[in-house]
Amino acid sequence: MTPQPPQGGAPPIAAARLWSAGAATAVVTALIAVVGILLARGVFDIPVLAPEGEGTWGDADTMTYALFCALAALVATGLLHLLLASTPRPFEFFGWIIALATVAAAAAPFVAGGETSSKIATAVINLAVGVAIGTLLTSAGRTATRAIR
C-alpha cells in the first residue's frame, strides 16, 4: 500500500523507516551514555552519576540515565514525524529544537552541585547524545521522505 500525501502538500512519510531509525538511534544514545560513563569513571576516575565508591559501573543511575537518553531519542523521533507531517521546512525547525535542547542538556549539570570534573563529564556525554540524536534523525527523516516518492 502506497502512502498518500497528506493535505497541504507535505511529502509522504515512510513512517516505519523513520521509527525504525528512531529505535536504532535510541539504542545508539543509550550506548553513548553507558560508554561515556564507563570512560569517565573507569579511565578518568570521575564520579559521574554515582558516589566515588560505587566503582566503574556505579549504581542503577547508569542504566536509568541510558534509558532516559533512549527515551529522548524516541521523543525526538515523534517530534520529527510531527514536523514532517505538518510544518514547512521541518528540518530547519527540528535542527533548531534539537540544538537548543542539546545546549540546555549540556548546561544543566552546571546548575547542580558537585565536582567540576563530574559536571564537565556529564555535559560532554549530554552533548554527544544530542549531536547523535540530531544527526542520525535528520538523516533518517530525509531518507524517510525520499524513500516513497
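The values are calculated or read from the model by the stated rules, or taken from the named source; none is laboratory data. For clarity, every value in this text was computed on a predicted model and none was experimentally measured. Cβ sites come from the backbone with ideal geometry, for glycine too, and all protein chains shown count toward neighbours.
Set side by side, the residues LEU84, LEU67, LEU79 differ, and just one is at pLDDT 85 or above and either basic (Lys, Arg) or touching a Ser or Thr at 6+ places or on another chain (Cβ under 9 Å) (or both), which is LEU84. Being under 24 Å from LEU74 (Cα atoms) and surrounded by fewer than 15 Cβ atoms within 10 Å (Cβ to Cβ) is the filter; apply it to the stretch 96-130 and report the residue that is modelled with the lowest pLDDT. If we take residues in the stretch 96-130 being under 24 Å from LEU74 (Cα atoms) and surrounded by fewer than 15 Cβ atoms within 10 Å (Cβ to Cβ), then ALA108 is modelled with the lowest pLDDT. Given the criteria part of a loop (DSSP other than H, G, I, E, B) and within 26 Å of ILE37 (Cα to Cα), does GLY114 qualify? Spelling it out, GLY114 is indeed part of a loop (DSSP other than H, G, I, E, B) and within 26 Å of ILE37 (Cα to Cα).
Limited to the stretch 86-115, what total is found for residues that are among the acidic types (Asp, Glu) and over 30 Å from ARG142 (Cα atoms)?
1
Here THR122 qualifies as in a helix (DSSP H, G or I), in contact with a Pro (Cβ under 6 Å, 6 or more places away or on another chain), more than 17 Å from ALA14 (Cβ to Cβ) and of a type in the set (Val, Ile, Thr). For the stretch 99-109, the criterion of a residue being assigned to a loop (DSSP other than H, G, I, E, B) and not aliphatic (A, V, I, L, M) is satisfied by no position. Among the residues of the stretch 69-92, those identified as free of Cβ contacts under 8 Å to residues at least 40 places away in the same chain and crowded, with 16+ Cβ neighbours inside 10 Å are LEU79, LEU83.
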